[in-house]
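First comes the structure, then the notes that go with it.
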Amino acid sequence: MKLRHEQKDVSKLINEFRLRTESCSFKAEKLIFNGIGNFDVYNITAPIKINNKIIIAGRVEKRDSEHAKIKFFERVGDSYVLIKGTPCLELQDPAISIIGDELVLSGVKIFDHPFNKGRLWWKTVFYRGKDIFSLRKFSEGPNGMKDIRLVDLDTKVGIFTRPQNAAGKLDSDGGRGAIAYTEIDCLNDLCVQKINQAKILENQLLNEQWLGANEIHVLDNSLLGVLGHVAMFDNKMDRHYFPATFVFDRLSQTYSSVKIIAERSMFKEGPSKKPDLKDVVFSGGLIRKSNKKAELYVGTGDTEAQKIEINDPFVEYELV
């Protein structure tokens, strides 16, 4: 299939979203996490069934810190309880995918920037195993790159990457953050060189804005549904993050226009880590349902985790 896209401004995307949903009502719900004391849990994965348990991985950290740990929680009744004996990884922003018969978990490792004193840098680190108890590190992404996501394509592994110019030059490859795509034969091939070979999906947003992939869904034929986020600064340099989607055809290398699927006002009110993060909704995962609806799991304000039911953003591509 040959998909068409149009370069969009995030401000235009949010206006389009509000027009599409002006007569809709949404019921959001905060997720409750037990066993973590006075730490925040946010930027979660969607729930996944592992060994007959419903599991969520979440970013756990103090309100005044960026030094996070990824921890695993099991759904018990209406809340999620910390699972004892699982790895406690010093990483941010977990992502989970199933590749073949293995569970792959990635997270963002932060460390002191080698050239800019007092600044942090980051990279994505990958773990694999039969379950959450047997995870072992097997690869890393390039320095300065978050939001690397993997998807099982049966005979290949698809990789969505997030090139970003480290010097902040908006007219260079990646700008403040773009999405790129490539494929490898198997997990053993995942390395910095392969990740850096990904081809940028050009002209999705304006150069001064940015986007990243959060979770990939295999649709009909050669189509991949990308759940991600789009973001921008306002004139006060406050950040605004919105869950968004688009569809990518891996054979024709074409893609649809980005659409926003949720905004902060749809969710329950709550605190933010910093004043400039008040309007941040970070996509975690999407559970697609049989009634053309989907449950969207997100982090809000860099402090809490919530879920909300929305229209399935990919269903139209499975009816053609």
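Any residue in segment 54-64 that is in a strand (DSSP E or B), within 19 Å of Pro271 (Cβ to Cβ) and hydrophobic (A, V, I, L, M, F, W, C)? Yes, because at least one residue in segment 54-64 is in a strand (DSSP E or B), within 19 Å of Pro271 (Cβ to Cβ) and hydrophobic (A, V, I, L, M, F, W, C). Entry remark, segment 74-96: residues being surrounded by 13 or more Cβ atoms within 10 Å (Cβ to Cβ), more than 18 Å from the chain's Cα centre (by Cα), in a strand (DSSP E or B) and among the β-branched types (Val, Ile, Thr) number 1 in total. Looking at Lys49, Lys71, just one residue is farther than 19 Å from Gly299 by Cβ and either without any contact (Cβ under 8 Å) to a residue 24 or more places away in the chain or not in a loop (DSSP other than H, G, I, E, B) (or both), and that residue is Lys49. Can you pull out the residues in segment 130-159 that are open to solvent by 50 Å² or more (accessible area, probe 1.4 Å), outside any loop (DSSP other than H, G, I, E, B) and within 22 Å of Ala213 (Cβ to Cβ)? Of everything in segment 130-159, those that are open to solvent by 50 Å² or more (accessible area, probe 1.4 Å), outside any loop (DSSP other than H, G, I, E, B) and within 22 Å of Ala213 (Cβ to Cβ) turn out to be Lys137, Phe138, Glu140.
Select, from Gly100, Gly58, Gly77, the only residue that is without any contact (Cβ under 8 Å) to a residue 24 or more places away in the chain and either under 16 Å from Leu31 (Cβ atoms) or touching a helix residue (DSSP H, G or I) at 6+ places or on another chain (Cβ under 9 Å) (or both). First the steps, then the outcome.
On the way: Gly100 fails: without any contact (Cβ under 8 Å) to a residue 24 or more places away in the chain; Gly58 fails: without any contact (Cβ under 8 Å) to a residue 24 or more places away in the chain.
The unique qualifying residue is Gly77.
Taken over segment 178-227, the criterion of being charged (D, E, K, R) and touching a helix residue (DSSP H, G or I) at 6+ places or on another chain (Cβ under 7 Å) is satisfied by Asp220 alone. Can you pull out every residue in segment 241-258 that is of a type outside the set (A, V, I, L, M), within 15 Å of the chain's Cα centre (by Cα) and either surrounded by fewer than 18 Cβ atoms within 10 Å (Cβ to Cβ) or over 17 Å from Lys30 (Cα atoms) (or both)? Correct list: Tyr241, Phe242, Thr245, Phe246.
Taken over segment 198-231, residues that are in contact with a Phe, Trp or Tyr (Cβ under 8 Å, 6 or more places away or on another chain), open to solvent by 40 Å² or more (accessible area, probe 1.4 Å) and not in a strand (DSSP E or B) amount to 2. Remark: pairs (first residue in segment 106-122, among the basic types (Lys, Arg); second residue open to solvent by 70 Å² or more (accessible area, probe 1.4 Å) and assigned to a strand (DSSP E or B); Cβ separation under 8 Å; 6+ apart in sequence or on different chains) = Arg119/Asp112. Filtered by the rule that a residue be among the β-branched types (Val, Ile, Thr), in a strand (DSSP E or B) and open to solvent by less than 10 Å² (accessible area, probe 1.4 Å), segment 272-309 gives Val280, Val281, Val298, Thr300, Ile308. Where residues in segment 160-197 are among the charged types (D, E, K, R), assigned to a loop (DSSP other than H, G, I, E, B) and open to solvent by 60 Å² or more (accessible area, probe 1.4 Å), which of them is modelled with the lowest pLDDT? Across segment 160-197, the extreme among qualifying residues is Lys169.
The residue that is nearest to Leu190 (Cα to Cα), counting only those in segment 112-129 that are open to solvent by 50 Å² or more (accessible area, probe 1.4 Å) and assigned to a strand (DSSP E or B), is Trp122. On inspection, Glu66 passes the criterion of being touching a Leu at 6+ places or on another chain (Cβ under 9 Å) and modelled with pLDDT under 95. Taking segment 252-270, which residues are in a loop (DSSP other than H, G, I, E, B), of a type outside the set (Ser, Thr, Tyr) and in contact (Cβ under 8 Å) with a residue 40 or more places away in the chain? Listed by number, the residues that qualify are Gln253, Val258, Ile261, Ala262, Glu263, Phe267, Lys268, Gly270.
Quick check, is Val230 out of contact with any helix residue (DSSP H, G or I) (no Cβ under 8 Å at 6 or more places or on another chain) and modelled with pLDDT of 95 or more? Considered against the rule, which asks whether it is out of contact with any helix residue (DSSP H, G or I) (no Cβ under 8 Å at 6 or more places or on another chain) and modelled with pLDDT of 95 or more, Val230 comes out as no.
The values are calculated or read from the model by the stated rules, or taken from the named source; none is laboratory data. Bear in mind that the values here come from a model prediction, so they are computed numbers and not experimental data. Counting neighbours? That spans all protein chains shown, and the Cβs are built from the backbone with ideal geometry, glycine included. For accessibility, only protein heavy atoms count, side chains too; no ligands or nucleic acids. Shrake-Rupley method; radii C 1.70, N 1.55, O 1.52, S 1.80 Å.
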